[in-house]
Amino acid sequence: MTTDSSGADSPGIVSGSSVADETKLDLHDAPTPAPAPSDDHPVVVTHGLVRSFGSQRAVDDIDLTVPRGSVFGFLGPNGSGKTTTIRLLLGLIAADAGSIQLFGQPMPRAAASVLPRVGALVEGPAFYPYLTGDANLTRLQAIDKTNDPRTARTRRQEALERVGLSAAATKRFRHYSLGMKQRLGIAAALMRHRDLLILDEPTNGLDPQGTREIRQLVRQLHDEGTTIIVSSHLLSEIEQVCTHVGIMSRGRLIAQEPLTTLRAMRTPRLRVETTHDTVSTAREVLTGLGLAIESSADDASPDVLLVTPGDRPIPQIAQALVDGGVGLAGLSMERPALEEIFVELTGAGFDVAG
């Protein structure tokens with residue numbers, strides 16, 4: 001793949017780093033579109049994928065499957081191998097071993113026909129600093145041989161509007177904030193319909209409002225039928241939008257499941273909220289029922305108990321608490337959050353705050 005001096009790859013891939021020489025793919029030849037996958041054919045499939053840097057295996061024997069129509073949350077701490085895996089998928093670097101298919105086509109051999117259907121933001125966007133946002137997008141369209149000039153302006157405007165940059169379209173890129181640069185990178189990937197959209201840390205540098213807008217955009221694109229891979233170390237964000245999850249740790253893919261399946265594999269807990277003066281009584285009643293109190297909530301909520309209910313009916317537990325004189329303020333079932341699942345799978349902490 002060739003890159004221009006701005007570091008922007010074409011078409012549809014905006015990367016903050018240069019492309020490895022070993023790929024040597026020319027996407028400027030008119031591509032023959034890859035055939036559309038069947039409804040049950042995964043969009044992304046890898047087998048035994050390996051990539052090392054010196055003695056370190058950044059990607060270690062990865063078998064990844066991204067179902068068509070999913071929002072796939074690709075999770076892991078910084079340095080876990082997420083971005084390297086994405087660069088392998090896109091043909092930006094070569095694998096040491098293993099195979100990759102996008103839309104059922106081998107990569108990087110089929111890159112010329114496959115990548116026009118893929119939009120990607122990888123490692124932060126790279127654009128000409130002295131050009132405006134709109135001018136940078138215009139240049140990307142100009143070097144894309146699959147671009148239709150008759151609709152180019154309309155598609156630029158629509159992409160800028162979708163990411164909230166219409167008012168900043170004539171502002172020079174060097175004056176953009178980090179969040180605005182992220183938005184422009186996403187806009188570059190959205191200037192045409194994409195069957196697959198890959199976003200690497202898309203909320204990096206965004207304020208809470210910008211993060212919510214990107215979350216809404218991901219939902220909207222998913223509703224339109226786009227398969228989306230969102231790579232992030234922010235579990236709370238991923239949990240709100242993803243249908244499937246893959247968890248990376250030290251270069252290995254340690255879990256990949258539908259989010260509902262991953263949660264269902266963990267035992268649900270009963271959240272018992274009591275009045276302050278009856279929390280001790282609640283402990284006695286629950287213990288008397290033979291229920292294990294896994295833990296209390298944190299110090300900010302000392303009147304909340306987390307219990308494993310087992311097979312005992314919840315109404316029976318509630319009735320016992322009331323009959324025992326417990327001031328019951330609330331009773332609800334909880335599934336473990338992604339953060340808890342990650343810690344359980346890896347035995348390690350996770351940077352959930354960013």
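Brief remarks follow.
- Positions within segment 184-241 being buried (at least 21 other Cβ atoms within 10 Å of the Cβ) and small (Gly, Ala, Ser), in sequence order: Gly185, Ala187, Ala188, Ala189, Ser231, Ser232
- Residue count for segment 96-144 under the criterion of being assigned to a loop (DSSP other than H, G, I, E, B), surrounded by fewer than 23 Cβ atoms within 10 Å (Cβ to Cβ) and at negative phi: the result is 9.
- Elements of the type strands (runs of 3 or more DSSP E) sitting completely within segment 44-88 and holding at least 1 residues that are out of contact with any helix residue (DSSP H, G or I) (no Cβ under 6 Å at 6 or more places or on another chain), among the basic types (Lys, Arg) and surrounded by 15 or more Cβ atoms within 10 Å (Cβ to Cβ): these cover 56-62.
- Complete set of residues in segment 166-182 that are of a type outside the set (Gly, Ala, Ser) and over 13 Å from Asn136 (Cα atoms): His175, Leu178, Met180, Gln182
- Residue selected from segment 136-168 under the condition under 24 Å from Asp200 (Cβ atoms) and among the small types (Gly, Ala, Ser), by the criterion farthest from the chain's Cα centre (by Cα): Ala168
- Subset of segment 187-220 [within 26 Å of Pro42 (Cβ to Cβ) and among the small types (Gly, Ala, Ser)]: Ala188, Ala189
- Listing of helices (runs of 4 or more DSSP H) fully contained in segment 211-301 that carry 3 or more residues being more than 30 Å from Gly164 (Cα to Cα): 259-264, 279-288
- Beta carbons closer than 6 Å, at least 6 apart along the sequence or on distinct chains, pair a first residue in segment 124-137 that is touching a residue at least 40 places away in the same chain (Cβ under 8 Å) with a second that is among the charged types (D, E, K, R) and crowded, with 18+ Cβ neighbours inside 10 Å for Pro125/Lys181; Leu137/Arg156.
- Residues that are under 12 Å from the mean Cα position of the chain (by Cα) and basic (Lys, Arg), drawn from segment 174-218: Arg215
- In segment 193-202, the qualifying residues are those that are out of contact with any Gly (no Cβ under 7 Å at 6 or more places or on another chain) and either assigned to a loop (DSSP other than H, G, I, E, B) or not assigned by TED's automatic domain parsing to the domain that holds Ala142 (or both), and the one that is modelled with the highest pLDDT is Asp195.
The values are calculated or read from the model by the stated rules, or taken from the named source; none is laboratory data. Predicted, not measured: the structure shown is a model, and the values here were computed from it. Heads up, the Cβs are rebuilt from the backbone with ideal geometry, glycines too, and the neighbour counts pull from every protein chain shown.
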